[in-house]
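The values are calculated or read from the model by the stated rules, or taken from the named source; none is laboratory data. Worth saying up front: this structure is predicted, and the values here are computed from it rather than measured. Cβ coordinates were reconstructed from backbone atoms using ideal geometry, including for glycine residues, and neighbour counts include every protein chain displayed. The area values use the complete protein model at the heavy-atom level, side chains included, leaving out ligands, DNA and RNA. Shrake-Rupley method; radii C 1.70, N 1.55, O 1.52, S 1.80 Å.
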Amino acid sequence: MSRIGRLPIVIPDGVEIKIDEKNLVTVKGPKGQLQEQINKDMKLTVEENTLTVERPTNNKVHRSLHGLSRTLINNMMVGVTKGYEKKLLINGVGYRAAKQGNKLAMTLGFSHPVEMIDPEGITTEVPNQNEIIVKGINKQLVGNYAAKIRSWREPEPYKGKGIKYENEVIRRKEGKAGK
């Protein structure tokens, strides 16, 4: 039995969940609404304030879908109640970020500023010029948008310049002088 898949999902107060006959799961909460299509072979049951995911057989496909389905539904529950957030740090001389309406403008050493428009459901905050916070209710969209921002200037190993995640560790190299 999948260690993750067998865990029941506790439905918090203020969250409404609907499951149709084709396993389309809709979760409504205080922060918004999310939908996810779960594989039709998985059996979803709601009892009082818990949701359980069961698999029909023990074959490899169903075993791999079991934990995945449970995690996707749990991520939706967390998203509509607490939300998700990724923090990016900018390091480098002259590198900075600024917020202009729903646009994120970054100066990253190119001949032009890099401007990115926030996608629907995602908000960015710039508390200071070397910090970007990406927030939203969909974990996948938040992570994807943070990765797109980071891809403009990934941190390099010699001086550590670039955009990195808050908890990311950059392995530093010595360079030419170190013998």
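Descriptive notes on the structure:
- Enumeration of residues in segment 37-64 that are hydrophobic (A, V, I, L, M, F, W, C) and either under 15 Å from V25 (Cα atoms) or touching a strand residue (DSSP E or B) at 6+ places or on another chain (Cβ under 7 Å) (or both): I38, M42, L44, V46, L51, V53
- Subset of segment 119-170 (residues that are more than 26 Å from K82 (Cα to Cα) and of a type in the set (G, A, S)): S151, G160, G162
- Looking across segment 103-120 at every residue that is over 16 Å from A147 (Cα atoms) and not hydrophobic (A, V, I, L, M, F, W, C), the one that is most open to solvent (accessible area, probe 1.4 Å) is identified as E120.
- Here the condition is being assigned to a helix (DSSP H, G or I), modelled with pLDDT of 90 or more and open to solvent by less than 80 Å² (accessible area, probe 1.4 Å); of N75, N39, it holds for N75 alone.
- Exclusive hit being open to solvent by 60 Å² or more (accessible area, probe 1.4 Å), touching a Leu at 6+ places or on another chain (Cβ under 9 Å), outside any loop (DSSP other than H, G, I, E, B) and not hydrophobic (A, V, I, L, M, F, W, C), set K28, K99, K86: K28
- Options G94, G109, G67: the member that is among the small types (G, A, S), at pLDDT below 95 and more than 30 Å from G160 (Cβ to Cβ): G67
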